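Following: one structure in structure tokens, then a few remarks.
The values are calculated or read from the model by the stated rules, or taken from the named source; none is laboratory data. Everything numeric here is computed off the predicted structure, so don't read it as measured data. For neighbour counting, all protein chains shown are included, and Cβ atoms are generated from backbone atoms with ideal geometry for every residue, glycine included.
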Amino acid sequence: MSEYQYYEFQAVDRPLTPAEMAELRARSTRANITPTRFQNAYNWGDLKGDPLDWVERYFDLFVYVANWGTHRFMIRLPHRLFDPDTARPYIMEESLDLHRRGDAVILEFVSHDDEGGSWVDDEEAASWMPALLPLRADIAAGDRRALYLAWLAGVSPGGHGDEGGGFYDADEEDEDDDEFDDETIEPPVPPGLGQLSAALDALADFLRVDEDLLAVAAASSPALPDAPSSADLQRWVAALPAAEKDALLLRVASQPTPAQAELLRRFRQAAAPLPDAAPERRTLGALRAAAAERAEARRREEAERQAAERERQARKAAIARASHLDSLTGREDDLWREVDALIATSQPKKYDRAVELLTDLHDLNARQDRDAAYQDRLEALRERYAKRTALLARLDGAELNA
């Protein structure tokens, strides 16, 4: 498998200046560079720069995909939009890190595929940025679900789930490599884990979060609060001190998108402060046990569904077979004559049709308890055409003997 690395950076709060675009062009002559985007794929070589440094200096988001299984996603947020302490309970060495850079915070989400990755094409790689981009505004507005998903990614089997959400098997974990034992307490569970947006679904896929672990984790997550009504916002804004209103309006005028996120986050904190912890935070061992139980139930349900489907298909085939044999009843002599005519052609394809008719005759005679008569005629046919090895091979394969 040849090497493949995909890099994409996105600017949201401000476009790149011409000077900044020139700086980036000096690093890559092939990259697609616009005032808001840098995108390039490498089949050899590497990016001439540090992605973390580029996010600090130029961009607000970064996506990296490599065909050996590494995924990286960075989000840059001003301090006023994100308190670094919010992320502390969720930080894990293998899946989530936080970098403080001047007046900004950079969240870095990481996933590694221990199985060695798979084929990645440009279309798939380019699909991640638009899918994940909405998470920046959500996190800025106070949504902690992306942080919890990153924690789950770090404690999923092997540090990740199978592609598409594999079955959880606690017995397959390597305890020597497990940084978090079963007594580890989960971080605060945010609302809405059972109501993931499309962007959060994409993040769960990107980080290879185990499907069953996510399902049991979401069981204790309360529903998302309703969006604030205009009346709620009006009352809250009216109660703000004049100086705060002036400062917020100034930021709206200069940077509307970050200011909107900040307003929503502050409103939610004032209207319904998020608890520091779920009422009963669970141990990692409890989560893993529940995930293993759910995976076993899902395996059992899938096996039962497949068995029921096989039974349904068998019944359907039996009914169709019975109807077909009904249509042939009374025509046995005609069918034997047709078999002889087909074999007489010495054409292999006609032999196949002859065997189909002999199978019908076999089942018709079995219905009428005339197996002996059928076997006599079949044996006579085999003797008559004893030198037709292709025919005899087909007859043996059809297992027409009683």
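Please count how many residues of segment 90-125 are in a strand (DSSP E or B) and more than 30 Å from residue 227 (Cβ to Cβ).
Within segment 90-125, the first condition is being in a strand (DSSP E or B), and the residues that meet it are 92, 96-101, 104-111.
If we keep only those that are more than 30 Å from residue 227 (Cβ to Cβ) as well, we get 92, 97, 99-101, 110-111.
Adding up the residues that qualify gives 7.
Select from segment 363-402 the residues that are surrounded by 16 or more Cβ atoms within 10 Å (Cβ to Cβ) and of a type in the set (A, V, I, L, M) and write down the one among them that is modelled with the lowest pLDDT.
Looking at the filtered set, the residue picked out is 400.
To keep it simple, each residue is scored yes or no on (1) over 30 Å from residue 212 (Cα atoms); (2) out of contact with any Phe, Trp or Tyr (no Cβ under 7 Å at 6 or more places or on another chain); (3) assigned by TED's automatic domain parsing to the domain that holds residue 212; (4) not polar (S, T, N, Q).
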| residue | (1), (2), (3), (4) |
| --- | --- |
| 305 | no, yes, no, yes |
| 308 | no, yes, no, yes |
| 318 | yes, yes, no, yes |
| 339 | yes, yes, no, yes |
| 347 | yes, yes, no, no |
| 357 | yes, yes, no, yes |
| 381 | yes, yes, no, yes |
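Within segment 250-275, count every residue that is farther than 30 Å from residue 185 by Cβ, modelled with pLDDT of 65 or more and exposed (fewer than 13 other Cβ atoms within 10 Å of the Cβ).
So the count comes out to 1.
Quick check on residue 134: is it surrounded by fewer than 18 Cβ atoms within 10 Å (Cβ to Cβ) and of a type outside the set (A, V, I, L, M)? Steps first, answer last, please.
Numbers: surrounded by fewer than 18 Cβ atoms within 10 Å (Cβ to Cβ): yes; of a type outside the set (A, V, I, L, M): yes.
Yes.
Out of 122, 143, report the one residue that is closer than 26 Å to residue 68 by Cβ and charged (D, E, K, R).
Result: 122 is the single residue among 122, 143 that is closer than 26 Å to residue 68 by Cβ and charged (D, E, K, R).
Residues in segment 344-359: is at least one at negative phi, in contact (Cβ under 8 Å) with a residue 24 or more places away in the chain and over 51 Å from the mean Cα position of the chain (by Cα)? Please lay out each step first, then the result.
Keep residues of segment 344-359 that are at negative phi, which gives 344-345, 347-359.
Checking the rest, the ones that are also in contact (Cβ under 8 Å) with a residue 24 or more places away in the chain come to 348, 351-352, 354-355, 358-359.
Still in the list and also over 51 Å from the mean Cα position of the chain (by Cα): none.
Looking through segment 344-359, none of the residues is at negative phi, in contact (Cβ under 8 Å) with a residue 24 or more places away in the chain and over 51 Å from the mean Cα position of the chain (by Cα).
Can you tell me how many residues within segment 74-104 are more than 18 Å from residue 132 (Cα to Cα), charged (D, E, K, R) and over 23 Å from the mean Cα position of the chain (by Cα)?
So the count comes out to 7.
Do you know which residues across segment 54-85 are of a type in the set (Ser, Thr, Tyr), under 20 Å from residue 200 (Cα atoms) and either at pLDDT 95 or above or crowded, with 17+ Cβ neighbours inside 10 Å (or both)? Quick ask: steps written out before the conclusion?
The initial filter retains those residues of segment 54-85 that are of a type in the set (Ser, Thr, Tyr), namely 58, 64, 70.
Applying the additional criterion that residues be under 20 Å from residue 200 (Cα atoms) yields 64, 70.
Of everything in segment 54-85, just one residue is of a type in the set (Ser, Thr, Tyr), under 20 Å from residue 200 (Cα atoms) and either at pLDDT 95 or above or crowded, with 17+ Cβ neighbours inside 10 Å (or both), namely 64.
Examine segment 197-219 for a residue that is acidic (Asp, Glu), under 19 Å from residue 132 (Cβ atoms) and surrounded by fewer than 16 Cβ atoms within 10 Å (Cβ to Cβ), and state whether such a residue exists.
Looking for residues that are acidic (Asp, Glu), under 19 Å from residue 132 (Cβ atoms) and surrounded by fewer than 16 Cβ atoms within 10 Å (Cβ to Cβ), one finds at least one in segment 197-219, hence yes.
Scan segment 126-139 and give yes if some residue there is in a strand (DSSP E or B) and more than 19 Å from the chain's Cα centre (by Cα), otherwise no. Lay out the reasoning, then the answer.
Just the residues of segment 126-139 that are in a strand (DSSP E or B), to begin with: none.
No, that holds for no residue.
Which ones in segment 4-39 are polar (S, T, N, Q) and over 18 Å from residue 60 (Cβ atoms)?
To start, the set of residues in segment 4-39 that are polar (S, T, N, Q) comprises 5, 10, 17, 28-29, 32, 34, 36, 39.
Across segment 4-39, the qualifying residues are 5, 28, 29.
Quick one: in segment 184-232, of everything that is over 14 Å from the mean Cα position of the chain (by Cα) and among the charged types (D, E, K, R), which residue is modelled with the highest pLDDT? Before you say what the answer is, go through the steps one by one.
Filtering segment 184-232 for residues over 14 Å from the mean Cα position of the chain (by Cα) gives 184-195, 216-232.
Cutting the leftovers down to among the charged types (D, E, K, R) gives us 186, 226, 232.
Numbers: 186: 92, 226: 70, 232: 76.
Only one residue tops the list, namely 186.
Residues are listed down the side, and each one gets a yes or a no for (1) under 24 Å from residue 83 (Cβ atoms); (2) at pLDDT 80 or above:
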{"residue": "156", "(1), (2)": "no, yes"}
{"residue": "168", "(1), (2)": "no, no"}
{"residue": "182", "(1), (2)": "no, yes"}
{"residue": "248", "(1), (2)": "yes, no"}
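Keeping to segment 313-339, report how many residues are touching a residue at least 40 places away in the same chain (Cβ under 8 Å) and over 49 Å from the mean Cα position of the chain (by Cα). Break it down into steps so the answer makes sense when it comes.
Just the residues of segment 313-339 that are touching a residue at least 40 places away in the same chain (Cβ under 8 Å), to begin with: 321, 325, 336, 339.
Then keep just the ones that are over 49 Å from the mean Cα position of the chain (by Cα); that gives 336, 339.
Count: 2.
List pairs: first residue in segment 208-225 and assigned to a helix (DSSP H, G or I), second residue buried (at least 21 other Cβ atoms within 10 Å of the Cβ) and of a type in the set (Phe, Trp, Tyr) anywhere in the structure, Cβ distance under 8 angstrom, at least six positions apart or on different chains.
Qualifying pairs under 8 Å: 211/168; 212/168; 213/168; 217/148.
Looking at (1) in contact (Cβ under 8 Å) with a residue 40 or more places away in the chain; (2) within 28 Å of residue 15 (Cα to Cα); (3) out of contact with any Ser or Thr (no Cβ under 6 Å at 6 or more places or on another chain), can you tell me which one residue 71 breaks?
(3)
Surrounded by fewer than 16 Cβ atoms within 10 Å (Cβ to Cβ) and under 15 Å from residue 200 (Cα atoms), is that true of residue 118?
Working: surrounded by fewer than 16 Cβ atoms within 10 Å (Cβ to Cβ): yes; under 15 Å from residue 200 (Cα atoms): no.
So residue 118 does not fit the description; no.
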